[in-house]
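K.L.:
This structure is in structure tokens; I'll ask about it shortly.
The values are calculated or read from the model by the stated rules, or taken from the named source; none is laboratory data. Model, not experiment: these values are computed from the prediction. Neighbour counts are summed over all protein chains in view; Cβ atoms, including those assigned to glycine, are modelled from backbone coordinates with ideal geometry. Please note that ligands, DNA and RNA were not included when accessible areas were found on the heavy atoms of the full protein model with its side chains. Shrake-Rupley method; radii C 1.70, N 1.55, O 1.52, S 1.80 Å.
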Amino acid sequence: MHSALWVSKTGMAAQDTKMTAISNNLANVNTVGFKRDRVVFEDLFYSIQRQPGSLVDQVNQLPTGVQLGSGVRVVGTQKVFTQGNTQNTNQELDLAVMGQGFFQIENTDGQIMYSRNGQFHVNSEGLMVNSQGLPLEPQIQIPENALSISVGVDGTVSATTTDSNDPEDLGQITLAKFINPAGLEAIGGNLFRETAASGQADELTAGEDGVGHIKQGALEGANVQVVEEMVDMITTQRAYEMNAKVVSAADDMLKFVAQSL
């Protein structure tokens with residue numbers, strides 16, 4: 001009887017974790033470049049009271065056994081790196097990656113971080129930086145007398161200045177690609193950190209070797225589907241309620257046994 005209580009307890013804890021992931025997905029529905037989380041479950045070990053296939057006699061075997069599970073646990077959460085909807089902004093420093101690949105951002109400690117958020121700005125030194133003021137890598141410096149900035153599909157950055165009508169080459173934005181992007185560590189601020197699970201980053205030219213191309217004047221929205229998350233939220237809530245009902249039923253059975261003794 002006590003096993004039913006503990007099994008349903010693991011179910012309630014697992015559904016609570018899934019609800020946390022769903023709430024985070026919905027909270028970031030308007031976050032640029034956000035990738036939704038998916039919770040991965042697995043069943044726990046089994047108590048085998050009767051081994052399937054064991055011998056009944058010298059000739060016959062049991063077709064089935066008695067195997068009682070001990071519940072469920074959350075084995076991990078996975079970032080789903082599907083393409084988000086593209087939002088046209090017509091801003092020169094808004095960039096979207098159409099396909100695979102990450103922008104490279106230099107952290108305050110010099111470590112390279114990775115992001116799908118292409119909402120860039122210019123700081124006081126003329127460098128392209130993200131919303132937190134962290135510079136893009138490779139660094140692109142915009143001249144003070146720039147009239148317009150152009151970013152090609154391959155990441156080539158050029159600017160038209162007051163001194164010349166001919167575009168001035170400012171450098172090239174490269175993209176990073178991982179063999180397992182789901183293994184990246186999300187650290188907040190639309191940034192990811194390389195891990196042993198993700199593999200090492202390959203720095204590539206946009207549009208080549210499987211990475212996407214860059215679209216100027218657009219941003220990649222979150223890949224969260226609100227209707228899908230709402231449906232998941234309802235099913236998660238019902239699963240939580242059913243596990244709570246098992247706790248209540250097991251408690252009633254224990255109460256009956258205690259009162260009958």
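K.L.:
Please find, within the stretch 156-167, the residue that is surrounded by the most Cβ atoms within 10 Å (Cβ to Cβ) out of those that are touching a Leu at 6+ places or on another chain (Cβ under 7 Å) and not polar (S, T, N, Q).
P.N.:
Taking the stretch 156-167 and keeping what is touching a Leu at 6+ places or on another chain (Cβ under 7 Å), we get 157-162.
From what's left, not polar (S, T, N, Q): 157, 159.
Details: V157: 24, A159: 19.
Once the filter is applied, the top-ranked residue is V157.
K.L.:
Would you say D169 is modelled with pLDDT under 95, out of contact with any helix residue (DSSP H, G or I) (no Cβ under 8 Å at 6 or more places or on another chain) and of a type outside the set (S, T, Y)? Walk me through how you get there before you give the answer.
P.N.:
Details: modelled with pLDDT under 95: yes; out of contact with any helix residue (DSSP H, G or I) (no Cβ under 8 Å at 6 or more places or on another chain): yes; of a type outside the set (S, T, Y): yes.
Yes; evaluated as a whole, the condition is true for this residue.
K.L.:
Still on this structure, I have one more. Looking at (1) part of a strand (DSSP E or B); (2) over 30 Å from N30 (Cβ atoms); (3) hydrophobic (A, V, I, L, M, F, W, C), which one does L175 not meet, given that it meets all the others?
P.N.:
With respect to (1) part of a strand (DSSP E or B); (2) over 30 Å from N30 (Cβ atoms); (3) hydrophobic (A, V, I, L, M, F, W, C), L175 is out only on (2).
K.L.:
Follow-up question, since we're still on this one. Please verify whether the stretch 168-184 includes one or more residues that are open to solvent by less than 30 Å² (accessible area, probe 1.4 Å), among the polar types (S, T, N, Q), farther than 15 Å from F81 by Cβ and touching a residue at least 40 places away in the same chain (Cβ under 8 Å).
P.N.:
Among the residues of the stretch 168-184, at least one is open to solvent by less than 30 Å² (accessible area, probe 1.4 Å), among the polar types (S, T, N, Q), farther than 15 Å from F81 by Cβ and touching a residue at least 40 places away in the same chain (Cβ under 8 Å), which makes the answer yes.
K.L.:
Restricting attention to the stretch 245-261, and to residues there that are among the aliphatic types (A, V, I, L, M) and in a helix (DSSP H, G or I), which single residue is least open to solvent (accessible area, probe 1.4 Å)?
P.N.:
A250
K.L.:
Shifting gears a bit: Mind listing whichever residues of the stretch 45-72 are within 29 Å of Y240 (Cβ to Cβ) and of a type in the set (K, R)?
P.N.:
Hits for the stretch 45-72: nothing passes.
K.L.:
If you go through the stretch 1-37, how many residues are among the hydrophobic types (A, V, I, L, M, F, W, C), under 30 Å from G118 (Cβ atoms), touching a residue at least 24 places away in the same chain (Cβ under 8 Å) and assigned to a helix (DSSP H, G or I)? Can you show your working first?
P.N.:
Applying the first criterion (among the hydrophobic types (A, V, I, L, M, F, W, C)) to the stretch 1-37 yields 1, 4-7, 12-14, 19, 21-22, 26-27, 29, 32, 34.
Next cut, under 30 Å from G118 (Cβ atoms) only: 21-22, 26-27, 29, 32, 34.
After this cut, where a residue has to be touching a residue at least 24 places away in the same chain (Cβ under 8 Å) as well, the list is 21-22, 26, 29, 32, 34.
Next, only the ones that are assigned to a helix (DSSP H, G or I) stay: 21-22, 26.
Adding up the residues that qualify gives 3.
K.L.:
How many residues are open to solvent by less than 10 Å² (accessible area, probe 1.4 Å) and under 20 Å from L184 (Cα atoms) when one looks only at the stretch 212-222?
P.N.:
3
K.L.:
Next up: If Q91 meets every condition in (1) in the same structural domain as Q51 (by the TED database); (2) over 17 Å from the mean Cα position of the chain (by Cα) apart from one, which number is that one?
P.N.:
Of (1) in the same structural domain as Q51 (by the TED database); (2) over 17 Å from the mean Cα position of the chain (by Cα), only one is false for Q91: (1).
K.L.:
How many residues does the stretch 180-205 hold that are within 16 Å of I105 (Cβ to Cβ) and out of contact with any helix residue (DSSP H, G or I) (no Cβ under 7 Å at 6 or more places or on another chain)?
P.N.:
Step one: list which residues in the stretch 180-205 are within 16 Å of I105 (Cβ to Cβ), which gives 181, 184-194, 198, 201, 203.
Then drop every residue that is not out of contact with any helix residue (DSSP H, G or I) (no Cβ under 7 Å at 6 or more places or on another chain), which leaves 181, 184-194, 201, 203.
Total meeting the criteria: 14.
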